Amino acid sequence: MLARQGRDVVVFERFEQAGPVGAGFMLQPTGLAVLDALGLTPAVEAMAQPIDHIFGREARRGRIVLDVRYDDLHRPRLALGVHRAALFDVLHRACLEAGIRFETGREMVAAEAGRVTDARGRSTPAFDLVIDASGARSRIAAGLGAAPRPLAWGALWGTVPWPGEPFDPRALQQVYRGASKMVGVLPVGARPGSPDRLATFFWSLRTEDHAAWRGAGLDAWKAGVRTLWPETAGLLETFTDPDQLTLARYGHHTLTRPVADRLAIIGDAAHSTSPQLGQGVNMGLLDAWSLAGVLASHTDLSEALSAYAATRRWHVRLYQALSLGFTPFYQADGRVLPWVRDHILGKVSRLPLSPRLLAATVSGLLLDPRPSHRP
């Protein structure tokens, strides 16, 4: 976006070669609106899998406790299940085509007066603006008071070949036992250059239990998952080594003001939380769009940064609060919150207007932040 405005952009990347990290995720209508503005949606759609339904059930009795349909939206639009490599490939190629320069092997740890300093103590010349997009554990954002509160629960994530029936290729499906056991399967389309369709598999796990999980061995774990969701038996055979499943650790923080002198913070560096509402990538795209938009419409940098903070403030705070509030109903010990989820929230979600509100919440469309023009 910034390069298309005629700006000289340099990206500093901590890995020796720029590449994707992580499993699949859902691109919601909010994130897709940003890609629409960039003209990149068709390239992502070519590798992605349309998702029209999010479905969750309780394991023992099969009670439906989560049922979100995207056709309940006021203006229906499907989400996309995307492998992280697919979105990375499209965005990276667009950056190269726009003439953006990448400097790899440089982990940036501090920013002051437009200069960025890497882990080896090397500082850059002064830039007009530094944008920190280095994630939830950003050391730059930490200087502004970002101190993520570690969440007790994380998840094991892995990529597997699409298992076919009885799994729904257009749905994120989840099965729960209380709030301490959760397993999910998300169709994510294909990686770049491959026709093979894939799924992301995830298993909820306390982070402190990861070592014990490894020590118990895959066979014991697979037996537990099969008990919870027997249809996953074939899919589980894909995993032959614990290292095929990556533990994701989560933390929660929201910067009060994601800007400073010649510095803007976007994405998880500015606001991180659990993945229960699936908003992380989409919120980062919205931050980027908003920042590019205000830089195009304000000649004074300080005014532009203040406008960026104001534009994103309420949408970010709303979804940070919703994520923090919803998480204990799906990842926690105890019986009270799961009982409320299964016996009360499930029924409330079927009341008039509730399906539309639930769909709008999951889609990221409360306080609708979608772009209406190209930045």
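The values are calculated or read from the model by the stated rules, or taken from the named source; none is laboratory data. Just so we're clear, the structure is a prediction, and the values are computed from it rather than from any experiment. No Cβ is skipped: glycine too gets one built from the backbone with ideal geometry, and neighbour counts run over all protein chains shown. Ligands, DNA and RNA are excluded from the accessible area calculation, which covers all protein heavy atoms including side chains. Shrake-Rupley method; radii C 1.70, N 1.55, O 1.52, S 1.80 Å.
Reported count of residues in segment 125-157, each being hydrophobic (A, V, I, L, M, F, W, C), farther than 17 Å from Thr254 by Cα, more than 20 Å from the chain's Cα centre (by Cα) and assigned to a loop (DSSP other than H, G, I, E, B), is 3. Against the conditions (1) buried (at least 21 other Cβ atoms within 10 Å of the Cβ); (2) at pLDDT 95 or above; (3) assigned to a loop (DSSP other than H, G, I, E, B), Ala199 satisfies every one except (3). Scanning segment 126-137 for residues being modelled with pLDDT of 95 or more, open to solvent by less than 60 Å² (accessible area, probe 1.4 Å) and small (Gly, Ala, Ser) gives a total of 1.
Restricting attention to segment 84-124 and to residues that are of a type in the set (Ser, Thr, Tyr) and in a loop (DSSP other than H, G, I, E, B), the residue that is most open to solvent (accessible area, probe 1.4 Å) turns out to be Thr104.
Scanning segment 202-216 for residues that are more than 24 Å from Gly19 (Cβ to Cβ), among the hydrophobic types (A, V, I, L, M, F, W, C) and either open to solvent by less than 60 Å² (accessible area, probe 1.4 Å) or not in a helix (DSSP H, G or I) (or both) returns Trp203, Leu205, Trp213. In summary, Ser297 fulfils each of the numbered conditions (1) touching a helix residue (DSSP H, G or I) at 6+ places or on another chain (Cβ under 9 Å); (2) open to solvent by 20 Å² or more (accessible area, probe 1.4 Å); (3) under 22 Å from Leu32 (Cα atoms) with the single exception of condition (3).
I'm trying to understand the selection: among the residues of segment 1-33, which are farther than 21 Å from Arg249 by Cβ, among the aliphatic types (A, V, I, L, M) and assigned to a loop (DSSP other than H, G, I, E, B)? If the condition is that a residue be farther than 21 Å from Arg249 by Cβ, among the aliphatic types (A, V, I, L, M) and assigned to a loop (DSSP other than H, G, I, E, B), then Met1, Leu2, Val9, Ala18 are the ones that fit. Looking only at residues of segment 290-340 that are in a loop (DSSP other than H, G, I, E, B) and touching a Leu at 6+ places or on another chain (Cβ under 9 Å), we find that the one that is nearest to Arg60 (Cα to Cα) is Gln331. The sole residue among Trp213, Trp162, Trp203, Trp221 that is more than 30 Å from Leu263 (Cα to Cα) and under 20 Å from the mean Cα position of the chain (by Cα) is Trp203. Filtering segment 263-277 to residues that are in contact with a helix residue (DSSP H, G or I) (Cβ under 7 Å, 6 or more places away or on another chain) and outside any strand (DSSP E or B) leaves Ile266, Gly267, Asp268, Ala269, Ala270, Thr273, Ser274, Gln276, Leu277. Note on segment 233-243: residues that are in contact with a Leu (Cβ under 9 Å, 6 or more places away or on another chain) and either surrounded by 14 or more Cβ atoms within 10 Å (Cβ to Cβ) or in contact (Cβ under 8 Å) with a residue 24 or more places away in the chain (or both) amount to 3.
Just one of the listed residues (Arg77, Arg69, Arg57, Arg63) is closer than 22 Å to Trp162 by Cα, in contact with a helix residue (DSSP H, G or I) (Cβ under 9 Å, 6 or more places away or on another chain), of a type in the set (Lys, Arg) and open to solvent by 20 Å² or more (accessible area, probe 1.4 Å), namely Arg69. Any residue that is more than 17 Å from Leu144 (Cβ to Cβ), open to solvent by less than 10 Å² (accessible area, probe 1.4 Å), small (Gly, Ala, Ser) and part of a helix (DSSP H, G or I) - is there at least one of those in segment 217-232? Checking segment 217-232: not a single residue is more than 17 Å from Leu144 (Cβ to Cβ), open to solvent by less than 10 Å² (accessible area, probe 1.4 Å), small (Gly, Ala, Ser) and part of a helix (DSSP H, G or I). In the set Leu367, Leu351, Leu305, Leu318, only one residue is open to solvent by 80 Å² or more (accessible area, probe 1.4 Å) and either of a type in the set (Phe, Trp, Tyr) or within 16 Å of Asp287 (Cβ to Cβ) (or both); that residue is Leu367.
Give the residues of segment 163-181 that are open to solvent by less than 10 Å² (accessible area, probe 1.4 Å) and touching a strand residue (DSSP E or B) at 6+ places or on another chain (Cβ under 8 Å), sorted by residue number. Full working, then the answer.
The initial filter retains those residues of segment 163-181 that are open to solvent by less than 10 Å² (accessible area, probe 1.4 Å), namely 171, 175-176, 179.
Correct list: Ala171, Val175, Tyr176.
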